[in-house]
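A quick write-up on the structure given underneath.
The values are calculated or read from the model by the stated rules, or taken from the named source; none is laboratory data. Bear in mind that the values here come from a model prediction, so they are computed numbers and not experimental data. Backbone-built Cβ (ideal geometry, glycine too); neighbour counts: all protein chains shown.
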């Protein structure tokens with residue numbers, strides 16, 4: 001079943017997403033390696049934090065380049081994420097002319113880093129096109145749904161009756177965008193008001209943490225806020241479920257249905273709905289009720305254990321690869 005070699009290629013680490021898929025494949029008994037052209041800028045907060053399972057090609061030693069070329073030669077599947085440059089396309093054509101090439105989009109159209117469908121401009125013929133099952137299928141309706149993975153084991157830290165609501169809100173950026181927005185002034189006002197009344201313990205970061213350290217910190221919390229402005233969910237929501245948090249977002253029915261579909265879940269994810277119109281009231285209700293907090297925490301943990309572990313979700317990728325090799 002797993003007797004094939006997969007090579008993942010991307011321009012950047014894409015916050016670790018390709019590397020996670022590659023690692024999950026290997027843990028399931030498959031053979032996979034992940035490469036990216038370059039890391040994030042060395043003066044930025046993301047440098048070095050998302051390459052644990054990925055090999056950076058730029059400025060690599062000759063032995064690493066030889067290793068990369070060898071992996072291409074033995075590849076049955078080339079899995080391209082978002083986009084690659086012409087030099088990598090040429091290497092695919094040179095070293096892996098018979099490999100089946102698959103394209104996966106991680107980003108929305110008309111917002112950085114992708115402003116249009118890049119699959120037609122890669123110089124590679126793709127036998128299958130995939131999209132992350134979050135908001136992206138609205139813009140790529142003909143693409144096959146695949147999940148983002150959380151590689152860590154689930155846990156839960158149930159809120160005690162005597163504890164304030166410990167809530168994490170760590171937006172990755174403050175840029176706007178239809179699907180990339182993370183911040184809301186109304187949310188900030190609500191959080192600051194609840195904090196001033198000692199109803200919540202608000203956990204925020206001044207600088208980015210390594211993903212494993214961030215998840216360790218999230219495990220100490222009772223709730224995680226994703227974002228409340230786009231109607232989508234993001235990786236924060238998945239990590240919040242893993243950490244047994246109340247997951248706060250404004251995900252609409254379409255977004256929740258996509259997560260259920262890609263994970264073969266029989267129910268919708270148990271997100272706690274908050275938007276800009278009800279932010280203060282909804283957060284106040286949660287802050288004042290340890291029992292409601294525990295109810296959502298328990299539901300989050302159960303949903304992740306039942307449907308979202310990497311060992312279960314990686315099977316989705318195996319299905320894609322096996323179908324590609326049959327055609």
*Give me a count of the residues in the stretch 123-168 that are in contact with a strand residue (DSSP E or B) (Cβ under 8 Å, 6 or more places away or on another chain), part of a loop (DSSP other than H, G, I, E, B) and closer than 24 Å to residue 310 by Cβ.*
5
*asked:* Here is a list: 189, 203. Which entry is within 23 Å of the chain's Cα centre (by Cα) and either surrounded by 22 or more Cβ atoms within 10 Å (Cβ to Cβ) or modelled with pLDDT of 85 or more (or both)?
replied: 203
_Residue that is surrounded by the fewest Cβ atoms within 10 Å (Cβ to Cβ), among those in the stretch 247-256 that are outside any loop (DSSP other than H, G, I, E, B) and in contact with a strand residue (DSSP E or B) (Cβ under 9 Å, 6 or more places away or on another chain)_ = 255
*Taking only the stretch 288-327 into account, find how many residues are touching a strand residue (DSSP E or B) at 6+ places or on another chain (Cβ under 8 Å) and either closer than 30 Å to residue 98 by Cα or not assigned by TED's automatic domain parsing to the domain that holds residue 261 (or both).*
8
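One line per residue, one yes/no per condition, for (1) surrounded by 14 or more Cβ atoms within 10 Å (Cβ to Cβ); (2) free of Cβ contacts under 8 Å to residues at least 40 places away in the same chain:
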site	(1), (2)
9	yes, no
21	yes, no
37	yes, no
46	yes, no
63	no, yes
67	yes, yes
70	no, yes
_Give me the helices (runs of 4 or more DSSP H) completely within the stretch 257-327, filtered to those with at least 3 residues that are closer than 30 Å to residue 201 by Cα and in contact with a helix residue (DSSP H, G or I) (Cβ under 7 Å, 6 or more places away or on another chain), ordered by residue number._
279-287, 290-303
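Would you mind stating whether residue 241 is closer than 19 Å to residue 225 by Cβ, surrounded by fewer than 23 Cβ atoms within 10 Å (Cβ to Cβ) and touching a helix residue (DSSP H, G or I) at 6+ places or on another chain (Cβ under 9 Å)?
For residue 241, the condition - closer than 19 Å to residue 225 by Cβ, surrounded by fewer than 23 Cβ atoms within 10 Å (Cβ to Cβ) and touching a helix residue (DSSP H, G or I) at 6+ places or on another chain (Cβ under 9 Å) - is not met.
Name the residue, out of 95, 4, that is farther than 30 Å from residue 209 by Cβ and in contact (Cβ under 8 Å) with a residue 60 or more places away in the chain. It would help to see each step written out before you state the result.
Working: 95 fails: in contact (Cβ under 8 Å) with a residue 60 or more places away in the chain.
Result of the check over 95, 4: 4.
Quick one: would you say residue 229 is surrounded by 24 or more Cβ atoms within 10 Å (Cβ to Cβ) and either in contact with a helix residue (DSSP H, G or I) (Cβ under 6 Å, 6 or more places away or on another chain) or not assigned by TED's automatic domain parsing to the domain that holds residue 99 (or both)? Please lay out each step first, then the result.
Working: surrounded by 24 or more Cβ atoms within 10 Å (Cβ to Cβ): no; either in contact with a helix residue (DSSP H, G or I) (Cβ under 6 Å, 6 or more places away or on another chain) or not assigned by TED's automatic domain parsing to the domain that holds residue 99 (or both): yes.
Considered against the rule, which asks whether it is surrounded by 24 or more Cβ atoms within 10 Å (Cβ to Cβ) and either in contact with a helix residue (DSSP H, G or I) (Cβ under 6 Å, 6 or more places away or on another chain) or not assigned by TED's automatic domain parsing to the domain that holds residue 99 (or both), residue 229 comes out as no.
Select, from 54, 33, the only residue that is modelled with pLDDT of 95 or more, more than 18 Å from residue 106 (Cα to Cα) and crowded, with 18+ Cβ neighbours inside 10 Å.
Going through 54, 33 in turn, the sole match is 33.
Before we move on, is residue 74 closer than 14 Å to residue 6 by Cβ and either over 27 Å from the mean Cα position of the chain (by Cα) or free of Cβ contacts under 8 Å to residues at least 12 places away in the same chain (or both)?
Working: closer than 14 Å to residue 6 by Cβ: yes; either over 27 Å from the mean Cα position of the chain (by Cα) or free of Cβ contacts under 8 Å to residues at least 12 places away in the same chain (or both): yes.
Criteria met by residue 74.
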_Just to check your reading of the model, which residue among 174, 157 is at pLDDT below 95 and either surrounded by fewer than 17 Cβ atoms within 10 Å (Cβ to Cβ) or not assigned by TED's automatic domain parsing to the domain that holds residue 240 (or both)?_
174
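Out of the stretch 217-228, which residues are farther than 18 Å from residue 149 by Cβ and in a helix (DSSP H, G or I)?
The one that is farther than 18 Å from residue 149 by Cβ and in a helix (DSSP H, G or I): 217.
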*Restricting the first residue to the stretch 229-250 and requiring it to be under 18 Å from residue 212 (Cβ atoms), which pairs with a second residue that is assigned to a helix (DSSP H, G or I) and modelled with pLDDT under 95 meet a Cβ separation below 8 Å and a spacing of at least six or different chains?*
235/15
*Just one of 231, 240, 244 is closer than 24 Å to residue 314 by Cα and part of a loop (DSSP other than H, G, I, E, B); which is it?*
244
